[in-house]
Amino acid sequence: MSPQIRKLFSLCDVKYGWVLLGSSALFGISNYFDQTYINDPIWVHISYWFSFAIAVLWGVLNYISHVRLNSMYKKQNDIQKYVNQLAMSEEDKLELQTYLEDYVQDLIQQGKTEDEAAREAINQFKVKEFLSLSKNTMFFNLSAHYYLIGWTTITVISIILAWLLETALFPDSLVIEAVENVLAAYSIGLLGMFFLYKLIDATIYQKFKEVFE
């Protein structure tokens with residue numbers, strides 16, 4: 001399997017899937033009753049908006065889970081404290097700490113104070129760490145979020161299968177129509193989320209360069 005296909009169908013990359021599932025289920029129920037009633041009661045409209053709100057919440061949670069940059073924005077000048085918070089083995093932490101301390105000594109010899117040298121050494125490592133998150137994509141040079149395209153593809157295929165099922169066996173089924181509407185709405189939403197994530201990536205990347213350049 002090619003790397004591109006693997007990225008597209010890394011379906012487990014979706015985080016907090018139960019939140020998205022709850023949103024889609026509520027949307028489906030709302031859509032079913034929307035087709036059932038001639039004059040929609042107010043609670044149908046409220047449940048629609050509530051399902052959208054849950055979907056937005058999922059989008060935020062999912063993105064945050066993929067881009068954990070909080071610690072990278074903090075100004076730090078304590079090498080040991082910085083290294084200790086990293087998720088790596090004790091051996092790797094010791095090696096990194098030694099590297100950063102040697103780098104600090106070089107910067108001090110160049111005329112920087114110890115605090116300035118430690119801050120610059122940490123920031124230089126943060127830049128390398130941040131860039132290593134890139135999956136070498138040409139689009140903003142950040143994490144691709146290609147799994148959203150994969151899920152969009154799956155939902156579109158599911159729409160086609162549901163339509164064939166309805167046409168062949170269950171014509172005018174409100175349940176299947178509701179499922180089709182859910183799949184259509186969330187396929188558009190997932191595709192839109194992909195481009196929204198890319199715009200957020202670009203914004204973070206620019207902010208990151210401003211902070212550490």
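Computed values, structure above
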item: Förster radius 35 Å - calculated FRET efficiency between residue 184 and residue 46, Cβ distance, rounded to 0.05; result: 0.95
item: Virtual spin-label span in nm between residue 29 and residue 206, 7 Å along Cα→Cβ; result: 4.2
item: Residue-count net charge about residue 166 - beta-carbon cut-off 9 Å; Lys, Arg +1, Asp, Glu -1; result: -3
item: Euclidean distance of C-alpha centroids, region 107-127 and region 184-201, integer Å; result: 40
item: Within-15-Å neighbourhood charge of residue 33 [Cβ basis; K, R +1; D, E -1]; result: -3
item: Efficiency of FRET between residue 60 and residue 153 - r from beta-carbon atoms, R0 35 angstrom, step 0.05; result: 0.90
item: Sum of side-chain charges, residue 98 neighbourhood, beta-carbon under 12 Å (Lys, Arg +1; Asp, Glu -1); result: -4
item: Residue 53 versus residue 101: modelled label distance in nm, points set 7 Å from Cα along the beta carbon direction; result: 5.3
item: Gain in span if fully extended, residue 92 to residue 80, counting 0.36 nm per residue against the direct Cα distance; result: 3.0 nm
item: Solvent accessible area, Å² - residue 102, 1.4 Å probe, full protein context; result: 90
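The values are calculated or read from the model by the stated rules, or taken from the named source; none is laboratory data. On a predicted model such as this, the values are computed, not experimentally measured, just so you know. In this analysis, Cβ positions are derived from the backbone assuming ideal geometry, glycine residues included, and neighbour counts consider all displayed protein chains. When the accessible area is computed, the model is the full protein with side chains, heavy atoms only, and any ligands, DNA or RNA have been set aside. Shrake-Rupley method; radii C 1.70, N 1.55, O 1.52, S 1.80 Å.
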